[in-house]
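Undergrad: A single structure is presented below for examination.
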Amino acid sequence: MLTVNELNHLTTRYQERPKQLAQIEAVSQALVHLANQRLPASPLPPLLYSEKQLMRDPSLLPLDQAFGGLRETIIKEYGLWFLPNQTLVQDLADWLAGRPLVELAAGNAALSASLLAAGAHAVAVDSLDWVGQDIEQAEPWTTVEQLDALDWVMNEIQAVQQGKKDFLPVFLMAWWPNGNAGDWSILQALRQSALPFTLIVIGEPGPYTNSQSFWAKAQLTKDKRLNKHYQPFDDYQDALYFAQ
């Protein structure tokens, strides 16, 4: 894990290296924001160095090793598996243009809370069955509806089919648990409903987020607009996709 004390030590160690100081300051500010249940203002810069860079400048190795612990810190300290930012949230709120969004498997609902603060209509849904695993207890940033994600989606589908609602909300899955095939079940249910739907996925195709069934069978489109202010900060190459 990356601690504040370690960041302070790195600030002293790299005080004459402007690029590295900018990286350290960005991470420090991000952790200050998260401690106050706010997302960082903008994306973090890429933090890790290539093998070639480290061989050329071994003095960067302590910094690279420290930054490698950032994701573990945000998971264990703040219950976040990925790191959105306020600029991305505004992009997403503008794109929604008033349409409601339901964040499935929302965890501590940092993204939903930030969308609400930006004036969007967002609902966070999570079964909270992860509590006690990576972190001991949930500390949601906004109200979380405690329900299985597939059950919520089925309820939304039935509401439209029964004429109780005019259309489905936008659904969003961010860093869905790897190996959990519930994501594929949700996509199947949306397809089988024959209703128009929008499903946004934030993750990395492969073994680290979502299920292999989902990545193999979903039709993915990477949206340039929504990825403009979302970039990887470590070895995970996650991005925003539309899935059909």
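Undergrad: Spelling out what I want: for every residue of the stretch 46-56, take phi, set θ = phi - 60°, compute 6.51 cos²θ - 1.76 cosθ + 1.60 (Karplus), and round to whole Hz; glycine and proline get x.
TA: Calculated HN-Hα couplings, in order: x, 9, 8, 10, 6, 4, 5, 5, 5, 5, 6 Hz.
Undergrad: Can I ask one more? From the phi of every residue in the stretch 163-176, what ³J(HN,Hα) in whole Hz does the Karplus formula 6.51 cos²θ - 1.76 cosθ + 1.60 yield, where θ is phi - 60° and glycine or proline is x?
TA: Residue by residue, the stretch 163-176 yields x, 7, 9, 7, 7, 7, x, 6, 9, 9, 10, 10, 6, 4 Hz.
Undergrad: Please list, ordered by chain and number, the residues whose modelled amide H lies under 5 Å from the amide H of Glu145; skip anything fewer than 5 residues away on the same chain.
TA: Ala124, Val125, Asp126
Undergrad: Under a 1.4 angstrom probe, counting protein chains only, how are Trp81, Trp176 ranked by accessible area, largest first?
TA: The residues order as Trp81, Trp176, largest area first.
Undergrad: While we're on this one: For Val102, enumerate residues with amide H under 5 Å from its amide H, sequence gap 5+ or separate chain, H modeled in the peptide plane.
TA: Under 5 Å from the amide H of Val102 lie the amide H atoms of Val123, Val170, Phe171, Leu172, each far enough along the sequence or on another chain.
Undergrad: Now a separate question. Compute the FRET efficiency between Leu21 and Glu51 as 1/(1 + (r/R0)^6), taking r as their Cβ-Cβ distance and R0 = 30 Å, and round to the nearest 0.05. Mind showing how you got there, number by number?
TA: On the way: r = 23 Å, r/R0 = 0.77.
About 0.85, to the nearest 0.05.
Undergrad: Then there's this: Estimate the FRET efficiency between Ala194 and Gln231 by the formula 1/(1 + (r/R0)^6), using the beta-carbon distance for r and 35 Å for R0, to the nearest 0.05. Could the numbers behind the result be given before it?
TA: Values: r = 36 Å, r/R0 = 1.03.
The value I calculate is 0.45.
Undergrad: With a/c under 1.5 counting as rounded, go ahead and sort the stretch 98-235 into rounded, prolate or oblate using the C-alpha gyration tensor (a ≥ b ≥ c being the square roots of the eigenvalues; past the cut-off, prolate if a/b is larger than b/c, else oblate).
TA: Verdict is rounded for the stretch 98-235.
Undergrad: Cross-link list Lys164/Lys224; Lys19/Lys217; Lys76/Lys228; Lys52/Lys217; Lys19/Lys228; Lys76/Lys165: which exceed 31 angstrom alpha carbon to alpha carbon?
TA: Lys164/Lys224; Lys19/Lys217; Lys52/Lys217; Lys76/Lys165
Undergrad: Here is a follow-up. Which is the longest part of the chain that has none of the trypsin sites (Lys or Arg not before Pro) sitting in a DSSP loop with at most 15 other Cβ atoms within 10 Å?
TA: After excluding every exposed loop site, the longest remaining stretch is 1-163.
Undergrad: In whole Hz and in residue order, list the ³J(HN,Hα) couplings for the stretch 18-26 that follow from phi through the Karplus curve 6.51 cos²θ - 1.76 cosθ + 1.60, θ = phi - 60°; x for Gly and Pro.
TA: x, 4, 5, 4, 5, 4, 4, 5, 4
Undergrad: Find how much the distance from Trp95 to Met154 grows on full extension, using 0.36 nm per residue of separation minus their present alpha carbon separation; answer in nm with one decimal.
TA: 18.8 nm
Undergrad: Can you give me the % of accessible surface on the chain that is carbon or sulfur? Probe 1.4 Å, all protein chains present, nothing else counted.
TA: About 49 percent, which is the carbon plus sulfur part of the accessible surface.
Undergrad: For the stretch 1-95, report the accessible area per residue in Å² (1.4 Å probe, heavy atoms, rounded to an integer).
TA: Accessible area per residue, the stretch 1-95: 52 Å².
Undergrad: Between Met173, Met154, Met55, which gets the highest mean-square fluctuation from a Gaussian network model of the chain, Cα cutoff 10 Å?
TA: Taking springs between Cα atoms under 10 Å, the residue moving most is Met55.
Undergrad: Let me ask another. Taking only protein heavy atoms and a 1.4 Å probe, what accessible area per residue, in Å², does the stretch 200-240 have with all protein chains in place?
TA: Working: 2150 Å² over 41 residues.
Normalised by residue count, the accessible surface of the stretch 200-240 is 52 Å².
The values are calculated or read from the model by the stated rules, or taken from the named source; none is laboratory data. Every value quoted in this text rests on a predicted model; they were computed, and no experiment measured them. In this analysis, Cβ positions are derived from the backbone assuming ideal geometry, glycine residues included, and neighbour counts consider all displayed protein chains. These area figures cover heavy atoms from the full protein model, side chains too; ligands, DNA and RNA do not enter into them. Shrake-Rupley method; radii C 1.70, N 1.55, O 1.52, S 1.80 Å.
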